[in-house]
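The values are calculated or read from the model by the stated rules, or taken from the named source; none is laboratory data. Computed from a predicted structure; not experimentally measured. When we count neighbours, we look across all protein chains shown, and the Cβ atoms used for this are built from the backbone with ideal geometry, even at glycine.
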Number of protein chains: 2
Amino acid sequence: MNGLSDRFPVVVRQLRQAHGWSQERLAEKANLNRSYVGEIERGIACPSLITADKLARALEVDLSALVARCERG
Amino acid sequence: MNGLSDRFPVVVRQLRQAHGWSQERLAEKANLNRSYVGEIERGIACPSLITADKLARALEVDLSALVARCERG
């Protein structure tokens, strides 16, 4: 897998936990299915650009900032 | 559609044309199907985060920079 697919799950989890939210809470905020958020965080599911943007907005960051954090490794 | 899904096709096309490349050339560089690149540029297909990263790399920009350009509108 490339850097982004390795890092994206980790960064989403870090941002979620920094908010003190459960996966369920994040899924609710992002209007996504709870089990899908779990799959994304376990690196099983690779979101579309639009879904990644929904997650970023729910986590209160720009998608570009979230991706940049993945790129920095 | 949200800003990103409207802007991403436009920005990919702008960057491709700035390189003077055909869709076929971009598809080749990104290791993607030519018709799929056409669908992305027409806003018909929404790429995964990984495919968007492949396009950004082929266009010689970081995905975070490409997304930021979409966010600036």
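A quick yes/no check of all residues on (1) more than 8 Å from every other protein chain (Cβ to nearest Cβ); (2) under 19 Å from residue B:65 (Cβ atoms); (3) modelled with pLDDT under 95; (4) assigned to a helix (DSSP H, G or I):
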| residue | (1), (2), (3), (4) |
| --- | --- |
| A:37 | yes, no, no, yes |
| A:40 | yes, no, no, yes |
| A:46 | no, no, yes, no |
| A:53 | no, yes, no, yes |
| A:65 | no, yes, no, yes |
Open item on the list: Whether any residue in the stretch B:42-53 is under 10 Å from the mean Cα position of the chain (by Cα), more than 19 Å from residue A:63 (Cα to Cα) and buried (at least 20 other Cβ atoms within 10 Å of the Cβ) is what I want to check.
Closed with: no
Open item on the list: I'd like to verify a number: residues in the stretch A:7-21 that are among the aromatic types (Phe, Trp, Tyr) and part of a loop (DSSP other than H, G, I, E, B), how many?
Closed with: 1
Open item on the list: Looking at (1) crowded, with 21+ Cβ neighbours inside 10 Å; (2) on the phi > 0 side of the Ramachandran plot, which one does residue B:60 not meet, given that it meets all the others?
Closed with: (1)
- [ ] Could you tell me which numbered condition residue A:4 fails, if it satisfies all but one of (1) hydrophobic (A, V, I, L, M, F, W, C); (2) over 15 Å from residue B:64 (Cβ atoms); (3) within 14 Å of chain B (Cβ to nearest Cβ); (4) outside any loop (DSSP other than H, G, I, E, B)?
- [x] (2)
Open item on the list: Could you list, ordered by first residue, the pairs with Cβ atoms under 7 Å in which the first is in the stretch A:46-73 and within 12 Å of residue B:46 (Cβ to Cβ) and the second is part of a helix (DSSP H, G or I) and β-branched (Val, Ile, Thr), at least 6 apart or interchain?
Closed with: A:47/A:40
Open item on the list: Condition (residue is away from every other protein chain (no Cβ under 13 Å), polar (S, T, N, Q) and part of a helix (DSSP H, G or I)) applied to the stretch B:22-32: is it met by at least one residue?
Closed with: yes
